[in-house]
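Please read the structure below before turning to the comments.
The values are calculated or read from the model by the stated rules, or taken from the named source; none is laboratory data. Owing to the predicted nature of the structure, the values given are computational and were not obtained by experimental measurement. Here Cβ is always computed from backbone atoms with ideal geometry, including for glycine, and neighbour counts include all displayed protein chains. All accessible areas refer to the heavy atoms of the entire protein, side chains included, with ligands and DNA or RNA removed. Shrake-Rupley method; radii C 1.70, N 1.55, O 1.52, S 1.80 Å.
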Amino acid sequence: MPTTAQKKPALLHTPSDLSETGRAKLSDSLNILVSDLFALYVKTKNYHWHMNGRHFRDYHLLLDEQADQIFAIIDPVAERVRKLGFPTVHSIGEIGRKQRVKDNDDVYENPLDMLVDVLNENRSLAKNMRDTHKIADDINDVATASLLEVYIDEAERRAWFLFEATREVN
């Protein structure tokens with residue numbers, strides 16, 4: 001009897017009435033979003049951990065709340081890839097190769113620069129989700145489209161909060 005390592009990997013195909021080519025393209029786009037979400041989660045937590053200055057408490061709590069919201073999105077998006085019949089990301093290395101979110105390994109970052117950075121990343125995320133939504137629309141995948149609609153709104157809300165936190169009020 002063959003060992004697990006010797007067995008042919010099980011196919012991950014899930015039957016669907018949506019086009020195979022369309023599902024493949026959508027799954028690729030969703031996997032990039034999963035990678036972006038992981039990277040943005042880590043970046044947001046990084047800034048949460050390293051926040052400083054006179055608005056420390058407010059910014060620290062804001063970034064923690066936003067990181068939790070981003071983390072909560074990852075699993076449903078990855079599971080949507082599986083429901084479409086394709087594999088999702090397998091490792092940190094694969095996430096690193098797919099992500100569009102820019103890493104920041106600086107030891108010190110100005111608090112305002114941190115907020116502006118994650119503001120811009122959330123704006124980019126919303127745009128990238130809209131691009132993925134278009135792919136879902138093109139193949140008539142209303143389930144993926146409706147899932148993304150909520151997450152687009154959440155990304156725009158995070159961007160709004162970050163924008164308002166960075167404004168100078170006279």
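Which of HIS48, VAL116, SER91 sits farthest toward the positive end of the charge dipole of the chain, with +1 on the Cβ of Lys and Arg and -1 on the Cβ of Asp and Glu?
Final value for the positive-end residue is SER91.
To the nearest 10 degrees, how steeply does helix 20-50 sit against the main Cα axis of the chain, on a 0 to 90 scale?
30
Run lengths n ≥ 4 of DSSP H only: what is the helix-derived mean residue ellipticity at 222 nm for the chain, with -39500 (n - 2.57) per run over all residues, to the nearest 500?
It lands at -24500 deg cm²/dmol.
Sequence gap at least 6, Cα distance under 8 Å: using those rules, report the relative contact order of the chain to the nearest whole percent.
29
Counting Lys +1, Arg +1, Asp -1, Glu -1, what net charge surrounds ALA39 among other residues with beta carbon under 13 Å of its beta carbon?
0
Do any of LYS45/LYS134; LYS43/LYS98; LYS98/LYS127; LYS43/LYS127; LYS45/LYS127 go past 25 Å between their Cα atoms, and which?
LYS45/LYS134
By its C-alpha gyration tensor, with a ≥ b ≥ c as the square roots of the eigenvalues, how is the stretch 87-170 shaped: rounded for a/c under 1.5, else prolate for a/b larger than b/c, else oblate?
It is oblate, given that a/c is not under 1.5 and a/b is not larger than b/c.
Would you mind working out the accessible area per residue for the stretch 84-136, using a 1.4 Å probe, and quoting it in Å²?
56
Label THR14 and LYS127 with points 7 Å out from Cα along Cα→Cβ: what is the distance between them in nm?
Computed distance between label sites THR14 and LYS127 equals 3.0 nm.
For the chain, what % of the accessible area comes from carbon and sulfur atoms, probe 1.4 Å?
Percent of accessible area from carbon and sulfur atoms in the chain: 55.
Looking at the square roots a ≥ b ≥ c of the eigenvalues of the Cα gyration tensor of the stretch 58-105, which shape do they give, rounded for a/c under 1.5, prolate if a/b is larger than b/c, or oblate?
oblate
Counting Lys and Arg as +1 and Asp and Glu as -1, what is the net charge of the other residues whose Cβ lies under 13 Å from the Cβ of LEU125?
Within the 13 Å Cβ shell, the charges total +1.
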